[in-house]
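Notes for the one structure printed next.
The values are calculated or read from the model by the stated rules, or taken from the named source; none is laboratory data. All figures in this text were calculated on a predicted structure; none of them were measured in a lab. So basically every Cβ, Gly included, is an ideal-geometry build from the backbone, and we count neighbours across all protein chains shown. To get the accessible areas, we keep the full protein, side chains included, count just its heavy atoms, and leave off ligands, DNA and RNA. Shrake-Rupley method; radii C 1.70, N 1.55, O 1.52, S 1.80 Å.
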Amino acid sequence: MDRREIAALLAYIGRLDPRTTRTDQAEARDQIATWHELLGDVPMTTPHGWDARAAARQHIRVSPYQVLPADIARPWESYRRDRLVRHTDPTPSADPDDQAAWTAELVATRRAVAAGSAQPAQYRAITSGRTDPELEARLEAIGSCIPREVRVALAPYRPARAAREAAVAQGQPDALCVRCEWCQAQIGEPCRRRRVAPDGGARGTAPRVTPHPGRLDLAAARQAQETEQVQPALA
């Protein structure tokens with residue numbers, strides 16, 4: 001605030017609390033100078049919620065003491081801290097190799113947020129609302145959030161998943177939808193090679209690309225059972 005804004009703020013406070021009014025011209029000049037020295041870096045208002053007059057009015061409402069510059073500065077510092085806490089630095093548009101420009105843009109963004117001239121940049125909140133209908137339609141069309149060409153490129157690095165997708169594409173039962181009775185692999189997990197140790201116990205080692213035959217039989221039986229349940233309902 002400049003001196004004119006300080007004078008306007010003091011005039012507003014004086015209307016609400018006459019105790020702060022200075023009738024002597026010299027005292028009024030000294031009061032303006034003191035308040036300007038302490039509140040020169042505090043704006044009168046910002047586009048996003050800050051108003052020094054509102055801070056003064058709130059103090060007069062809840063406190064029996066006269067308004068001091070600290071009663072304006074404290075809410076301002078809280079306002080700045082709250083905005084910076086809610087702010088997440090966006091990626092600067094400057095060239096990342098230009099460290100000076102990159103840092104300057106980050107600093108300028110933070111200062112604008114703290115000063116109330118820009119809104120904090122926040123990550124999108126995680127909600128439990130409905131999925132975007134356009135996203136649902138797209139996932140239904142492609143069948144997966146991973147594009148087909150990406151799955152093909154990843155196939156050599158996850159052979160068990162690739163074998164599962166290929167089997168389902170050919171109309172075969174999804175073996176991973178049931179628990180394996182041989183290696184005790186849970187639903188969704190690939191089978192593991194089960195070997196008998198010298199002490200007679202079983203141990204599992206590396207995962208198998210293809211499921212155990214017994215797991216395939218269980219998956220086929222489950223698929224047949226589900227088909228039998230669906231057919232009467234469609235008849």
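Assorted remarks:
- Unmet criterion (only one of (1) open to solvent by 40 Å² or more (accessible area, probe 1.4 Å); (2) more than 23 Å from residue 110 (Cβ to Cβ)) for residue 67: (1)
- Selection of first residues in the range 87-99 that are open to solvent by 90 Å² or more (accessible area, probe 1.4 Å) and of second residues that are outside any loop (DSSP other than H, G, I, E, B), restricted to Cβ pairs under 8 Å at least 6 apart or on distinct chains, gives the following pairs, ordered by first then second residue: 93/105.
- Residue 171 meets all of the listed conditions (1) of a type in the set (Gly, Ala, Ser); (2) closer than 19 Å to residue 205 by Cβ; (3) part of a loop (DSSP other than H, G, I, E, B) but one, namely (2).
- Residue in the range 68-80 that is outside any helix (DSSP H, G or I), modelled with pLDDT under 95 and of a type in the set (S, T, N, Q) present: no
- Selection within the range 1-50: residues that are polar (S, T, N, Q) and part of a helix (DSSP H, G or I). The member of this set that is surrounded by the fewest Cβ atoms within 10 Å (Cβ to Cβ) is 25.
- Taken as a whole, the condition of being open to solvent by 60 Å² or more (accessible area, probe 1.4 Å), farther than 30 Å from residue 10 by Cβ and touching a residue at least 24 places away in the same chain (Cβ under 8 Å) does not apply to residue 80.
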